[in-house]
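Each remark here refers to the structure printed beneath this line.
The values are calculated or read from the model by the stated rules, or taken from the named source; none is laboratory data. Everything numeric in this text was worked out from a predicted model, so none of it was measured. Please note: Cβ atoms are built from the backbone with ideal geometry, for glycine as well, and neighbour counts cover all protein chains shown. What goes into the accessible areas is simple: the full protein's heavy atoms, side chains included, and nothing from ligands, DNA or RNA. Shrake-Rupley method; radii C 1.70, N 1.55, O 1.52, S 1.80 Å.
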Amino acid sequence: RRPSSRHPNRARVIYTTHTILMASLCATIASTRASPVVTRRDTRARRVVGAVNRVRANTVLVRAANAAQEADNQMRVKVLSEALPYLQRFAGQTVVVKYGGAAMKSEELKAAVIRDVVLLSTVGIRPVLVHGGGPEINAMLEKVGIEAKFLNGLRVTDAATMEIVEQVLTGKVNKSIVSLISCAGGKAVGICGKDGNLLRGEIKSEELGFVGRVTKVDATVIKNLVNGGYIPVVATVAMDKNGQALNVNADTAAGAIAATLGAEKLILMTDVPGVCTDKDDPSTLIRELTMAETEASIAAGTIAGGMIPKVQCCTTAVNNGVKSAHIIDGRAKHSLLLEILTDQGVGTVITN
């Protein structure tokens, strides 16, 4: 109603409120008419369109996945094709692999290395695995409360420490590697330097305790295992003439075993890419060294520090009948296969 004369203020409020409500209602009706009405048919159509778009997207993803798989398959075939000359060349040949360092710390990396060893065995190459176990020894010494001591990079090994070293290397570490090889489809037998008089030695220094140098290798037991289709897994515990256990450097032991076997290759799996002119820059990797170049590099200081004993181990092996010695990064994926089955390799090779 319009404002009356009897109650002008009340009527004016009622009229104003009514006007606002009517305006709001009209605006709502107009908005509703302006917007499209969604029917059940429209909803079903939208659902169909959405489903079609999802199918198209999935089809694109499947095609991309198939293309990637095809490219991967082609790459695998190419790698196998390129590896054929090497497989033919090294079939029936012995390759001694020193396994240790960072390659033994990661369970995933350890399993990958062992699968590569089994693959080599499967295609006719005859691998011999020689291992250390420094981190495991340190962990056990800590558990029993014995302090690990080193002198010039070598473990000081008293009687108590030697007992732990022997238990860890010939027991825990050796048998875990044998188990991994078995799980990967290979056949392995774990032994140590005491078995079959494989490694005889003598004390290297009184200061170092029961740390030994190898004086004699009888590889008969390894040959018998290899000829029987087994992968020998060797823990580097030797013994002296009195039967005393000796802690032997794994690199040195591997080199001595490779020389006695007349191996095609000695491969040291380490924590570095190989011999580099700058030890902190992997891009300075030296791919190949002759014996003369190796000696010159040591004299010039290019090869220094902890790399010197590894290189000397390689040169000793080559001088004693091993065809080539290699230093590779055990942390790199499939480095063992790449070093053996490709032209360029991944580490440093030392030859005559």
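Cβ-Cβ contacts under 9 Å between residues 6 or more apart (or on different chains), taken from a first residue in region 188-206 that is farther than 18 Å from ALA159 by Cα to a second residue that is part of a loop (DSSP other than H, G, I, E, B) and aromatic (Phe, Trp, Tyr), are listed as ALA188/TYR230; VAL189/TYR230. When residues in region 129-149 are screened for being without any contact (Cβ under 8 Å) to a residue 40 or more places away in the chain and in a loop (DSSP other than H, G, I, E, B), 5 of them pass.
Within region 270-292, the set of residues being free of Cβ contacts under 8 Å to residues at least 24 places away in the same chain and either of a type in the set (Ser, Thr, Tyr) or buried (at least 16 other Cβ atoms within 10 Å of the Cβ) (or both) comprises CYS276, SER283, THR284. Mind checking which residues of region 96-138 are modelled with pLDDT under 90 and among the hydroxyl-bearing types (Ser, Thr, Tyr)? Within region 96-138, just SER106 meets the criteria.
Do the conditions hold for GLN93, that is, is it out of contact with any helix residue (DSSP H, G or I) (no Cβ under 8 Å at 6 or more places or on another chain), under 30 Å from VAL234 (Cα atoms) and surrounded by 13 or more Cβ atoms within 10 Å (Cβ to Cβ)? Taking the combined requirement at face value, the residue satisfies it.
Remark: pairs (first residue in region 244-269, over 19 Å from ILE327 (Cβ atoms) and open to solvent by 10 Å² or more (accessible area, probe 1.4 Å); second residue hydroxyl-bearing (Ser, Thr, Tyr) and modelled with pLDDT under 95; Cβ separation under 7 Å; 6+ apart in sequence or on different chains) = ASN247/THR157. Right, VAL123: touching a residue at least 24 places away in the same chain (Cβ under 8 Å) and in contact with a strand residue (DSSP E or B) (Cβ under 6 Å, 6 or more places away or on another chain) or not? Against the criterion (touching a residue at least 24 places away in the same chain (Cβ under 8 Å) and in contact with a strand residue (DSSP E or B) (Cβ under 6 Å, 6 or more places away or on another chain)), VAL123 does not qualify. For region 150-159, the criterion of being in contact (Cβ under 8 Å) with a residue 40 or more places away in the chain and under 27 Å from TYR230 (Cα atoms) is met by none of the residues. Within region 330-352, residues that are in contact (Cβ under 8 Å) with a residue 12 or more places away in the chain and closer than 13 Å to VAL311 by Cα sit with their Cβ atoms under 8 Å from residues that are of a type in the set (Ser, Thr, Tyr) and surrounded by 15 or more Cβ atoms within 10 Å (Cβ to Cβ), at 6+ positions apart or across chains, in these pairs: GLY347/SER335; VAL349/SER324; ILE350/THR294; ILE350/THR315; ILE350/SER324; THR351/SER324.
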